[in-house]
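Any read-out appearing in this document is the output of simple, stated calculations on the displayed coordinates, not a laboratory observation. Given the structure is predicted, the values throughout are model-derived calculations rather than measurements. So basically every Cβ, Gly included, is an ideal-geometry build from the backbone, and we count neighbours across all protein chains shown.
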Protein chains: 2
Amino acid sequence: MIDTFPHMHRALDEARKAADRGEVPIGAVVVGPNGLVLAAAGNDVVGAKDPTGHAELIAIRQAAKLLGSERLEGCDLYVTLEPCAMCAQAIAFARIRRLYYGADDEKGGGITVGARIFSQKTTHHRPEIYGGILERESAQLLRDFFKTRR
Amino acid sequence: MIDTFPHMHRALDEARKAADRGEVPIGAVVVGPNGLVLAAAGNDVVGAKDPTGHAELIAIRQAAKLLGSERLEGCDLYVTLEPCAMCAQAIAFARIRRLYYGADDEKGGGITVGARIFSQKTTHHRPEIYGGILERESAQLLRDFFKTRR
């Protein structure tokens with residue numbers, strides 16, 4: 001069977017690994033203009049003692065370091081959950097070309113709710129945005145994680 | 001003469017050092033509950049090839065690492081310019097107690113304009129906020145920097 005979203009499956013793998021480390025299971029992948037994976041990361045807030053340790057931010061920083069540029073022109077980001085305002089703004093700064101995400105995040109999202117980063121005049125770059133990619137898998141991972149934590 | 005805002009002067013020093021490195025002159029300082037400086041940083045976007053290399057984000061990450069906690073309870077942040085949406089959301093995640101900033105940033109700010117992070121229901125922590133601290137010095141630094149760049 002053809003995997004229509006291999007990069008999102010990779011992001012889901014990163015999310016699962018994050019859960020195994022006791023982190024909220026969210027994963028992200030940055031893909032270069034040629035289709036190669038430049039960076040992949042899961043949340044690392046508790047382990048790294050880093051309030052900014054979201055999967056997207058880590059993957060963006062890794063990819064920028066790899067490319068030797070603070071702008072990821074032509075690069076796409078896959079993330080298993082709707083990015084928060086911090087990560088959405090970082091996506092804008094990094095000039096990400098296309099953003100693919102899984103489930104919406106009505107409590108902490110920064111795109112479809114709340115800060116709505118890509119609808120603000122103060123945001124000077126907007127990627128193409130595709131939500132709902134493998135959203136059931138993504139949401140199930142989060143539900144399973146928080147169930148075991150209660 | 002008494003220095004009413006020693007921490008903001010320290011942040012301005014960091015902003016000046018950033019300008020000397022060719023970075024946009026913005027500086028930030030994190031102060032612990034006991035009044036000691038935990039971290040101080042200037043922008044480091046171009047040098048570090050990091051689209052997230054804003055002074056606030058770097059200082060928050062440094063302080064969290066130093067304290068061994070992703071939450072900076074009781075800590076205050078001084079920054080020479082109104083934080084963008086990315087940094088404002090990071091300030092919320094880090095549970096910063098008080099935010100002191102210099103000039104407003106009507107083009108890229110995330111507090112008084114645009115995303116207005118601390119006015120959103122999706123933001124689960126709001127610091128006390130004091131703007132306009134040494135704003136003339138802060139704004140002058142930015143004007144001087146962009147003048148030499150044209």
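Fewest neighbouring Cβ atoms within 10 Å first, the residues B:His7, B:His124, A:His9, A:His54 line up as B:His124, A:His9, B:His7, A:His54.
Between A:Arg98 and B:Glu106, the modelled labels are 3.9 nm apart [label points 7 Å from Cα along Cα→Cβ]. The largest-to-smallest principal axis extents of the Cα set in the protein assembly as shown are 74, 47, 29 Å.
How many angstrom separate the Cα center of the range A:7-31 from the Cα center of the range A:40-74? A separation of 13 Å, based on Cα centres.
Restricting to the protein assembly as shown, compute how many DSSP beta bridges are antiparallel as a %, nearest 5.
Working: 18 of 34 bridges.
Of all bridge pairs located within the protein assembly as shown, approximately 55 percent are antiparallel.
In sequence order, the range A:123-137 has phi-based couplings of 9, 9, 9, 10, x, 5, 10, 10, x, x, 7, 6, 5, 5, 4 Hz under the Karplus curve 6.51 cos²θ - 1.76 cosθ + 1.60, θ = phi - 60°, and Gly or Pro positions carry x. By the beta-carbon count within 10 Å of each Cβ, the least crowded to most crowded order of B:Glu73, B:Glu137, fewest first, is B:Glu73, B:Glu137. Comparing B:Gly22, B:Gly35, B:Gly132 in a Gaussian network model of chain B, where Cα atoms under 10 Å apart are tied by springs, the biggest mean-square fluctuation is seen for B:Gly35. Here the relative contact order of chain B, from alpha carbon pairs under 8 Å that lie six or more residues apart, stands at 20 percent. Of the cross-linked pairs A:Lys107/B:Lys49; A:Lys121/A:Lys147; A:Lys17/A:Lys121; B:Lys65/B:Lys147; A:Lys65/B:Lys65, those separated by over 29 Å at the C-alpha level are A:Lys107/B:Lys49; A:Lys121/A:Lys147; A:Lys17/A:Lys121; B:Lys65/B:Lys147. Measuring from the axis that maps chain B onto chain A, the chain B residue with the nearest beta carbon and its rounded distance in angstrom come out as B:Ala115, 2. Inter-copy label distances at B:Arg143, using a point 7 Å along Cα-to-Cβ, come to 5.8 nm with the shortest given first.
With θ taken as phi - 60° and the Karplus curve 6.51 cos²θ - 1.76 cosθ + 1.60 applied, the whole-hertz 3J(HN,Hα) list for the range A:3-12 is 8, 5, 10, x, 5, 6, 5, 5, 4, 5 Hz, x standing for glycine and proline.
Three principal axis extents describe the C-alpha atoms of chain A; from largest down they are 40, 35, 34 Å. Taking only the Cα atoms of the range A:66-150, the radius of gyration and Dmax are 13.8, 43 Å.
Expressed as a whole percent, how much of the Cα-Cα distance distribution for the range B:55-114 exceeds 15 Å? The partial results should precede the final answer.
Working: 763 of 1770 pairs.
Taking all Cα-Cα pairs of the range B:55-114, the fraction more than 15 Å apart is 43 percent.
Between identical copies, the spacing of A:His9 label points, each set 7 Å from Cα toward the C-beta atom, reads 6.1 nm from nearest to farthest.
Annotation: the residues B:Ile91, B:Ile133, sorted from fewest to most other C-beta atoms within 10 Å of their own C-beta, follow the order B:Ile133, B:Ile91. Identify which of A:Gly47, A:Gly32, A:Gly131 has the largest mean-square fluctuation in a Gaussian network model of chain A, with springs joining Cα atoms closer than 10 Å. Of the options given, A:Gly47 has the highest mean-square fluctuation. The tail of the calculated P(r) for the range A:3-70, taken as Cα-Cα distances beyond 18 Å, holds 35 percent of the pairs.
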